[in-house]
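**Student:** Below: one structure in structure tokens.
What follows draws every value from the coordinates through simple rules; no lab data is involved. Small disclaimer: the values here were computed from a predicted structure and weren't measured. Every residue, glycine as well, gets a Cβ built from its backbone with ideal geometry; the counts of neighbours run over all protein chains shown.
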Amino acid sequence: MASSKCGCKGIRSCAICDKNKRIPETNCLNELSFILCTACSRASFGHHTCNTMDSSSFSFGDVFVIPEFVTEKEEQFLLGEIDASSWALSQSGRRKQDFGPKVNFKRQRVNPARFTGLPAYSEFLVDRINEWIRTNDSSNFSPFDAVELCNLEYTPDRGACIVPHLDDVWLWGDRLITLNLCSPTVLSFTLPTDPVTNKDVGREYQRIESVLASMNGVSLWSVLILFREAFSK
């Protein structure tokens, strides 16, 4: 049974506050969907065969999927450790647990004064990720030190979701790592509609734009790329 309270603010909403009509309904654009093949990192429209350079697909690199990253036993261990800590209500129907320095996103400032480190149960995950980076030739990244862990709970009874956004590179750098537990998940990548200021994002934007221009005039705003995590059950 969903709680009668939520943590939504501003333009955020969930199944609870939607019922109260706090947020006006908006119409979504019709989008052309591409499915990302995690085996060859190509986004395709329609039928796809790995490693083929057909005109209805384009490369979508720097997205890596590690199948069965944790065992079922490790998954149960992690769930038990996570649920042993208290949850806080968050935006868009989520609950969360934050482990990391306090961040002021508007001023782009970080205060590590109260940060005492990540929970012990996450240590083997960071070690395993770094080992994969060291042994995977296709990865362009180097091993790293984790400075933040955020546990997020998504449940359908609350209409929990994460809205489209551009992650803060100034804080997290050029990589984010997600581990999905309990249920399948789909990540959606959309091209930005606002002016692109980041040079790397701008170059990728122009590259995809040139590919789509050759596909019968597909416009950028209409593109949606779906990424199904291979380790989902």
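**Student:** Within 10 Å of each candidate Cβ there may be at most 15 other Cβ atoms; applying that plus a DSSP loop requirement, which chymotrypsin sites (Phe, Trp or Tyr not before Pro) in segment 77-128 survive?
**Tutor:** TRP87, PHE105, PHE115
**Student:** Please give the length that would be gained between PHE124 and GLN206 if that part of the chain were fully extended, namely 0.36 nm times their separation in residues minus their C-alpha to C-alpha distance (nm, one decimal).
**Tutor:** In short, 25.6 nm is gained.
**Student:** Taking amide H positions as placed 1.01 Å from N in the peptide plane, with prolines and chain starts having none, which residues 5 or more places from CYS8, or on another chain, fall under 5 Å of its amide H?
**Tutor:** SER92, GLY93
**Student:** Order by neighbour count: ASP98, ASP174, fewest other Cβ atoms within 10 Å first, most last.
**Tutor:** In order of increasing Cβ crowding within 10 Å: ASP174, ASP98.
**Student:** Specify whether the C-alpha gyration tensor of segment 70-178 places it in the rounded, prolate or oblate class, a ≥ b ≥ c being the square roots of the eigenvalues: rounded for a/c under 1.5, otherwise prolate if a/b is larger than b/c and oblate if not.
**Tutor:** rounded
**Student:** Can you give me the relative contact order of segment 78-179 as a percent, contacts being Cα pairs under 8 Å and 6 or more apart?
**Tutor:** 32 percent
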